[in-house]
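The values are calculated or read from the model by the stated rules, or taken from the named source; none is laboratory data. These numbers come from a predicted model, not from an experiment. Note: ideal-geometry Cβ built from the backbone for every residue, glycine included; neighbour counts use all protein chains shown.
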Amino acid sequence: MNKRTFINTILTAVCLLAAPLTTYAQSDASTAAEERGLEIALEADARDRGWGDSSTELSMILRNRNGQQSTRRLRTTTLEVDGDGDKSLLVFDEPRDVQGTAFLSFTHVSDPDDQWLFLPSLGRVKRISSSNKSGPFMGSEFAYEDISSQEVDKYTYRFLREEELDGMSTFVIERIPTYEKSGYTRQIVWIDTEEYRNIKGEFYDRKGDLLKTLTWNDYVQYEGQYWRSLRMEMENHQTGKSTTLTFSEYNFQQGLSDRDFDQASLRRAK
């Protein structure tokens, strides 16, 4: 065996031995990132448990690509459900053409959400198809799936990095919807490292392109524990449209029950 052949043989053997080690190292790193991402999501969820029920009023400002805007006013109540996703009821008060329109959502941990829309002009309750959850909610840049409670098991997770955002230390995680009919392939979320609040989110469409960015602003703490954003901005990068939700003060522990969130409540809402 000449010297060149001997060296080549040694190099080949080294590569063969190193390849499995590289594969194992990559696998371990990937697993660690997934575990860390899930750990952050679970901690954020744990810090926002036990509030029972809540209600608030809000304005929804819709803007087109030319900056023209229209405003809708509505109110929402939410019921925390142990062992499953939350129940929520939204009722539109203004303008007149949508007054009395009501939206009811039962979020589930693993099953598709149940959602219904009451349209007073038609006098009937319409069930939202599970295949239509990616559609825009009442003409806004929020999809039906965006306004459901964000249960941990609805996604798989991966920790990406720590990053400073607007002077705040944040975890950056990737979450991938487990719901096969989601309008998103993935989401990137910035969560502050101190209070575990969502600060920013990027939503990628089914082609993998950046579709929307959501920012949570003006946080207020209630009951010494529960943080709520009083202003949320959703920008659609592909259409140039945007939607702002501005919330009033939240009220908690009002004694709401399942009866306040059945389908009959859609017709009772005024």
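Restricting to segment 164-183, name every residue that is at pLDDT below 95 and either closer than 13 Å to VAL152 by Cβ or touching a Leu at 6+ places or on another chain (Cβ under 9 Å) (or both).
PRO177, THR178, GLY183
Could you tell me which of the residues LEU62, LEU58 is in a strand (DSSP E or B), among the aliphatic types (A, V, I, L, M), at pLDDT 95 or above and in contact with an Asp or Glu (Cβ under 9 Å, 6 or more places away or on another chain)?
On the way: LEU58 fails: in contact with an Asp or Glu (Cβ under 9 Å, 6 or more places away or on another chain).
None of the other options fit; the residue is LEU62.
Go through segment 144-257 and tell me which strands (runs of 3 or more DSSP E), entirely inside it, have 3 or more residues that are in contact with a helix residue (DSSP H, G or I) (Cβ under 9 Å, 6 or more places away or on another chain), β-branched (Val, Ile, Thr) and buried (at least 20 other Cβ atoms within 10 Å of the Cβ). Give the derivation first.
On the way: elements: 155-165, 168-177, 186-192, 198-204, 210-222, 226-236, 242-247.
Output list is empty.
Quick one: what pairs do we get from segment 39-54, first residue aromatic (Phe, Trp, Tyr) and exposed (fewer than 14 other Cβ atoms within 10 Å of the Cβ), second assigned to a strand (DSSP E or B) and modelled with pLDDT of 95 or more, C-beta under 6 Å, 6+ apart or different chains?
Pairs that qualify, where the first residue is aromatic (Phe, Trp, Tyr) and exposed (fewer than 14 other Cβ atoms within 10 Å of the Cβ) and the partner is assigned to a strand (DSSP E or B) and modelled with pLDDT of 95 or more: there are none.
Take residues that are at negative phi, in contact with a strand residue (DSSP E or B) (Cβ under 7 Å, 6 or more places away or on another chain) and surrounded by fewer than 17 Cβ atoms within 10 Å (Cβ to Cβ) and tell me which of the strands (runs of 3 or more DSSP E) falling wholly in segment 68-136 contain 1 or more. Walk me through it before giving the result.
Details: elements: 69-79, 87-94, 102-106, 114-119, 124-127.
Those strands (runs of 3 or more DSSP E) span 69-79, 87-94, 114-119, 124-127.
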